[in-house]
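Here is the structure we will look at.
Any read-out appearing in this document is the output of simple, stated calculations on the displayed coordinates, not a laboratory observation. Because the structure is a prediction, the values reported are computed rather than measured. Cβ placement follows ideal geometry from the backbone for every residue including glycine, while neighbour counts extend to all protein chains displayed.
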Amino acid sequence: METTAYGDSLPHKTTSLCPECKRLIDALIYPEDGIVWMKKTCPEHGEFKEKYWESVDMYNRERKHATSPTPTENPNVEMRGANCPFDCGLCSRHKSHTALANLVATNRCDLSCWYCFFFAKEGDAIYEPTLEQVRAMMHNLRQERPVPCNAIQITGGEPTLREDLVEMVKICKEEGVDHVQINTDGINFAFKPELVQALRDAGSNTVYMSFDGVTPRTNPKNHWEIPYAMENCRKAGMGMILVPTVIKGINDFEVGKIVNFGLNHSDIVRGVNFQPVSLVGRMPQKMREKQRITIPKVVAELEEHSNGVITKDDFYSVPTVGPITDFVEALANKKTYKLSTHFACGAATYLIKGDDGKVVPLPQFIDVEALREYLEEKADEMKTGVNKYIPGMKYTVGLKVLLKLNKFIDKKKQPKGFDLKKLLIGALMKHDYRALGKLQHSSQLIGMMHFQDPYNYDVERVERCCIHYTMPDGRIIPFCTFNVIPEVYRDKVQAQYAIPQSEWEKRNGRKLADFKYHRDAEKLEKGESYKKAYSGLKDYFAK
Amino acid sequence: MTYKGAYGEQPFEKVVKAEYALDGVKDLKQAAYLQYKLMLLKPVLRAEVSFVKKSAEVEYVEPTKTPVMITAALKPVKASLKSKSELSYDEIVAKGYHG
């Protein structure tokens with residue numbers, strides 16, 4: 001079988017899992033009819049063919065953005081990853097440091113969504129790490145070298161069901177974590193303004209809010225509550241990222257409207273992070289074909305829905321920013337945050353709103369490829385040759401780069417009233433961050449993050465994963481092993497640390513069912529916040 | 001049972017660490033699959049199967065019934081017990097924590 005190394009051309013041989021028995025099997029990633037497929041055969045369960053990425057062209061462009069990794073120097077387990085993904089973690093084979101760590105606060109939830117596999121049902125044990133364990137886990141993440149983890153997402157279940165959530169945020173901050181975000185369904189955010197304010201005051205600055213569409217049909221989970229959650233975040237000064245899980249045939253036809261919704265509320269919505277569905281659990285091929293959607297297809301839908309305002313060329317895979325990190329590292333002479341994730345895992349673009357209300361994606365007025373090349377060259381210049389021995393030379397190079405930025409900016413295409421060079425010079429040289437603050441309210445990060453499932457599983461993606469889970473037993477587990485092989489990671493460890501539901505109810509004097517949410521949709525629809533959120537929206541993509 | 005250790009409340013106090021010599025492991029992929037099968041066993045907390053060393057290291061609780069489950073999970077590979085010791089779970093957990 002002809003094969004290539006990571007980042008080289010197709011076809012490419014990798015290692016995957018049998019979706020039935022989780023045995024490691026060889027897999028081939030190859031092009032066919034413009035789509036990238038994965039094909040693999042289990043000796044016991046036969047052949048599986050799955051869509052890997054729905055554009056060969058985009059795959060070929062993004063594979064070139066694969067970047068060199070920054071692994072941890074102090075792995076958490078002694079295993080070397082020979083049995084990857086069963087050696088987690090992090091082991092010495094793992095290639096990326098923790099960029100964002102998930103901390104599961106509870107497996108209780110106030111909703112009971114039929115498709116969710118991750119909440120305690122009647123009779124299930126309750127997993128809730130103690131504050132002491134939370135501190136130990138935070139301390140652990142902060143000790144990662146050479147780059148300590150600096151971003152935490154407190155997740156669940158529904159984390160706001162924990163009465164000591166504010167304490168958890170404080171612990172994260174005390175342990176030195178700068179960025180603490182809450183991953184929530186937004187129900188408690190809608191009805192407990194004092195909780196939102198307390199979380200903000202404790203140091204949480206972002207809420208990662210589930211938001212699957214702009215209508216009750218596409219977003220039955222929290223359509224009615226989102227407007228009230230937004231209002232409370234607005235009052236507390238808490239930024240919001242909307243997080244739609246995209247399923248073909250269910251809500252993929254609304255991706256443009258979701259971005260437009262975010263743009264209409266850009267005073268509070270900092271971005272939209274689309275997550276193409278991860279088909280965990282056993283699913284017949286016909287059903288998978290019906291629901292499967294991958295990053296290139298979501299991008300293509302967005303191009304269509306936005307009438308070409310946003311194009312597929314505006315999206316770049318996550319590791320594209322590698323040369324910026326290399327440049328900053330060379331300048332600062334130390335390792336820093338590097339998003340060395342696999343290029344197939346995520347993509348993003350940045351939308352800027354001009355003074356005239358027109359939206360322009362950043363790559364439409366910045367020559368990303370040329371800037372990448374230039375920064376790579378300058379990083380090399382600082383790291384090699386005589387320059388590294390000349391005091392102050394690095395800063396001269398840094399200044400030169402800043403002054404040369406014009407070369408990469410097409411001023412005619414910049415949004416009206418927006419001057420990127422002025423903004424960067426103001427922030428970096430004059431330490432004037434007002435313009436950057438203003439930019440936060442007139443811009444949107446549009447991200448895509450496709451978590452894996454047993455059908456499209458690629459060990460090369462897992463070993464580069466930079467979104468991890470912290471566990472009370474001292475291990476740090478990549479997202480797509482934690483959730484795709486839950487029987488040996490998530491569920492197993494949580495069961496060890498959980499207490500029986502009856503005991504939890506006795507300790508807390510409450511029944512699990514007491515926390516379930518009962519909606520009064522009619523009442524919510526009559527509220528001013530509801531009308532303000534959904535009515536009279538501007539169409540930023542009108543022809 | 002919970003045990004109050006250095007890293008917060010831990011679910012176990014003492015665990016057994018056993019090393020097995022393996023006869024008949026064909027390749028790396030089989031070793032990985034055997035490790036997965038060991039990890040599926042509820043009393044097994046951690047497991048490592050090495051194709052190179054032809055060995056399995058298993059940390060587990062419930063010492064009376066677990067060894068039988070381990071040898072059954074490793075079939076068709078033949079496992080012979082090489083060593084067995086008892087250690088504190090806190091010690092194992094501590095290894096995962098930096099500093």
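I need the GluC sites (Glu not before Pro) found in segment A:414-510, filtered to DSSP loop residues with at most 14 other beta carbons within 10 Å of theirs. Can you show the working numbers first?
Working: sites: A:460, A:463, A:487, A:503, A:505; in loops: A:463, A:487.
Counting only loop positions with at most 14 other Cβ atoms within 10 Å, the GluC sites (Glu not before Pro) in segment A:414-510 are A:487.
When the helices in chain B are scored as -39500 (n - 2.57) per DSSP H run of 4 or longer and the sum is shared across all residues, what 222 nm value do you end up with, to the nearest 500 deg cm²/dmol? Mind dumping the intermediate values first?
On the way: 3 runs with 29 residues, N = 99.
Counting only the DSSP helices, I get -8500 deg cm²/dmol.
What range in chain A is the longest one free of chymotrypsin sites (Phe, Trp or Tyr not before Pro) that are in a loop by DSSP and have at most 16 other Cβ atoms within 10 angstrom? Maximal segment without exposed cleavage sites: A:118-432. Projecting the Cα atoms of A:53, A:220, A:318 onto the dipole axis of chain A, where Lys and Arg carry +1 and Asp and Glu carry -1 at the beta carbon, places A:318 farthest toward the positive end. Other residues with beta-carbon under 10 Å from the beta-carbon of residue B:40 carry, at +1 per Lys or Arg and -1 per Asp or Glu, a net charge of +3. In the protein assembly as shown, with Lys and Arg counted as +1 and Asp and Glu as -1 at Cβ, which of these residues, A:379, A:206, A:485, has the Cα nearest the positive end of the dipole, that is, farthest along it? Ranked along the dipole, the leading option is A:379.
Between residue A:384 and residue A:422, how high is the FRET efficiency from 1/(1 + (r/R0)^6) when r is the Cβ-Cβ distance and R₀ = 41 Å? Nearest 0.05. Mind dumping the intermediate values first?
Values: r = 32 Å, r/R0 = 0.78.
The value I calculate is 0.80.
Looking at segment A:199-323, how many pairs of lysines come closer than 13 Å at the Cα, when each pair is eight or more places apart or spans two chains?
Details: A:248/A:286; A:248/A:290; A:248/A:297; A:297/A:312.
Within segment A:199-323, the lysine pair count is 4.
Using the Cβ of residue A:349 as centre and a radius below 12 Å, the other residues enclosed give a net charge of -2, where K and R count +1 and D and E count -1.
Extension gain, residue A:313 to residue A:445, is 46.0 nm, computed as 0.36 nm per intervening residue step minus the present C-alpha separation. Once the C-beta distance of residue A:438 and residue A:21 is scaled by a Förster radius of 60 Å, the resulting FRET efficiency is 0.65 to the nearest 0.05. For segment B:13-93, the residue among B:20, B:77, B:50 whose Cα projects farthest onto the positive side of the dipole built from Cβ charges is B:77. Only helices enter the 222 nm calculation for chain A: every DSSP H run of n ≥ 4 contributes -39,500 (n - 2.57), and dividing by all residues gives -9000 deg cm²/dmol, rounded to 500. Around residue A:266, under 14 Å between beta carbons, what's the net of Lys plus Arg minus Asp minus Glu among the other residues? Neighbourhood net charge equals +4. Dipole magnitude for segment B:13-93: about 440 debye, using +1 per Lys or Arg Cβ and -1 per Asp or Glu Cβ, origin at the Cα centre. In a reduced charge model with +1 at each Lys and Arg Cβ and -1 at each Asp and Glu Cβ, the protein assembly as shown shows a dipole moment near 620 debye about its Cα centre.
Angle check, please: helix B:28-40 long axis (alpha carbons) against the longest principal axis of chain B (alpha carbons), in degrees 0 to 90, nearest 10. Once rounded, the angle reads 40 degrees. Restricting the calculation to Cα atoms, every distinct pair contributes to the Kirkwood radius of segment A:156-268, found to be 14.5 Å.
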